[in-house]
Amino acid sequence: MGEKIEVNSFKAWILGIRPTSLGASLMTVLLGAGLAHGFMPEQFSWAIALLCWVFAWLMHIAANLINDVVDFKRGLDKSDPERIDRIYANGLLTKNVAYTTIAICLVLGCLVGLTILYMVWDHLLWDGWEIVLMGAIVVACTFLYSTTFAYHGLGDLAVLLCFGLIPVCGTFYVLTYTVTWDAVWASIVAGCSIDTLLIVNNYRDRDEDYESGKYTSVGILGEPFGRWFYLIAGLVCVAKVVLLYIDGCISWIGLLYSAVPYLILHIGSWIKLNRIREGNALNVIYYESPRNFTLLGILLTIALW
């Protein structure tokens, strides 16, 4: 792993929460908030938008750690000094620290969610139960993704739900008290672009996962499917950006400076994936993918704003 990392050190903890992936939860809130500001600027609340972001990050950190722990306990992740994302398997985070961090994130996340509910209670269509339901689904998915969905080819659908529809539409809803088709298009932009990170992760680990009983979509449908799935996911999110332009949510200039840079970067990563195809050398695409979708999220949010 190069530089020696002390057990339970701050650096080990930071690596354990996978900071490079956290741009995904940030992107979902950015898109929902950007669309809400463009839709009802006079009603926009910075406080609610910030709380949505905090909730998303806390749930995401908990999910990352749960995934590490579950994969290790199932024998899927083994100690590998070259895989710095396997902090728990490499023994750099102890059980107590990992479990405590998960518990703190989940408890704080629920408190933040209840705070959002309290702030918007009087304006909701179904007496707040819709917010409770969305929060419950997110909390449940932090456990179900690692224990069930990821092992039965449902990981991509879980990403589309928990890193697309719920956070984008949910953020839009608590800021505008309604949901539009444009919020759905924006959620698909987020879900499909963020899923590229899962796709390349599953593509890299396809043989190891399948042999260990983790049946991802790439493992089930094969290596060629994984390569084309990565490309198509990015193209779908660009198509939805075009729909946002057609619906008048962004200008043609906004379309160009948000979609074109992402498309160039995404295709560049896909070309590298086609060239490398296997092994830890694919880590370069694993780290490029969050760069790509985070940039898209920022640029598209500016265009929506």
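Restricting attention to segment 7-59, the residues being part of a loop (DSSP other than H, G, I, E, B) and either of a type in the set (Val, Ile, Thr) or touching a helix residue (DSSP H, G or I) at 6+ places or on another chain (Cβ under 7 Å) (or both) number 8. If you filter segment 272-298 down to residues that are within 18 Å of the chain's Cα centre (by Cα) and among the polar types (S, T, N, Q), you find that the one that is surrounded by the fewest Cβ atoms within 10 Å (Cβ to Cβ) is ASN283. Consider ASP156 carefully, then state whether it is surrounded by 17 or more Cβ atoms within 10 Å (Cβ to Cβ), acidic (Asp, Glu) and closer than 27 Å to LEU31 by Cβ. Judged against the criteria, ASP156 is a match. For the criterion of being within 20 Å of GLY32 (Cβ to Cβ), in contact with a Ser or Thr (Cβ under 8 Å, 6 or more places away or on another chain) and at pLDDT below 95, PHE172 fails. Here is the figure for segment 88-102: residues that are modelled with pLDDT of 85 or more and not polar (S, T, N, Q) total 4.
Do we have ALA150 as in a helix (DSSP H, G or I), in contact (Cβ under 8 Å) with a residue 40 or more places away in the chain and either within 21 Å of PHE72 (Cα to Cα) or over 19 Å from the mean Cα position of the chain (by Cα) (or both) here?
Working: in a helix (DSSP H, G or I): yes; in contact (Cβ under 8 Å) with a residue 40 or more places away in the chain: yes; either within 21 Å of PHE72 (Cα to Cα) or over 19 Å from the mean Cα position of the chain (by Cα) (or both): yes.
Against the criterion (in a helix (DSSP H, G or I), in contact (Cβ under 8 Å) with a residue 40 or more places away in the chain and either within 21 Å of PHE72 (Cα to Cα) or over 19 Å from the mean Cα position of the chain (by Cα) (or both)), ALA150 qualifies.
Cβ separations smaller than 9 Å between residues 6+ apart or across chains give the following pairs from segment 123-144 residues that are touching a residue at least 24 places away in the same chain (Cβ under 8 Å) to residues that are not in a helix (DSSP H, G or I): HIS123/TYR177; LEU124/TYR177; LEU125/TYR177; LEU125/THR178; GLU130/LEU124; ILE131/LEU124.
Take segment 88-122 and flag every residue that is touching a residue at least 60 places away in the same chain (Cβ under 8 Å), closer than 27 Å to GLU6 by Cα, in a helix (DSSP H, G or I) and within 23 Å of the chain's Cα centre (by Cα).
Residues of segment 88-122 touching a residue at least 60 places away in the same chain (Cβ under 8 Å): 88, 90-94, 97-98, 101, 112, 115-116, 119-120.
Narrowing further to those that are closer than 27 Å to GLU6 by Cα: 88, 90-94, 97-98, 101.
Next, from what is left, pick out any that are in a helix (DSSP H, G or I): 97-98, 101.
Answer for segment 88-122, where residues must be touching a residue at least 60 places away in the same chain (Cβ under 8 Å), closer than 27 Å to GLU6 by Cα, in a helix (DSSP H, G or I) and within 23 Å of the chain's Cα centre (by Cα): ALA98, THR101.
When ILE66 is tested against (1) at pLDDT below 85; (2) under 28 Å from ALA49 (Cα atoms), exactly one condition is not met: (1). Test SER217 against the stated conditions and say whether it is polar (S, T, N, Q) and more than 27 Å from ARG18 (Cβ to Cβ). Criteria not met by SER217. Scan segment 270-290 for residues that are free of Cβ contacts under 8 Å to residues at least 60 places away in the same chain and either at negative phi or polar (S, T, N, Q) (or both) and the total you get is 9.
The values are calculated or read from the model by the stated rules, or taken from the named source; none is laboratory data. Every value quoted in this text rests on a predicted model; they were computed, and no experiment measured them. Because the Cβ atoms are built from the backbone with ideal geometry, glycine has one as well, and the counts that use them run over all protein chains shown.
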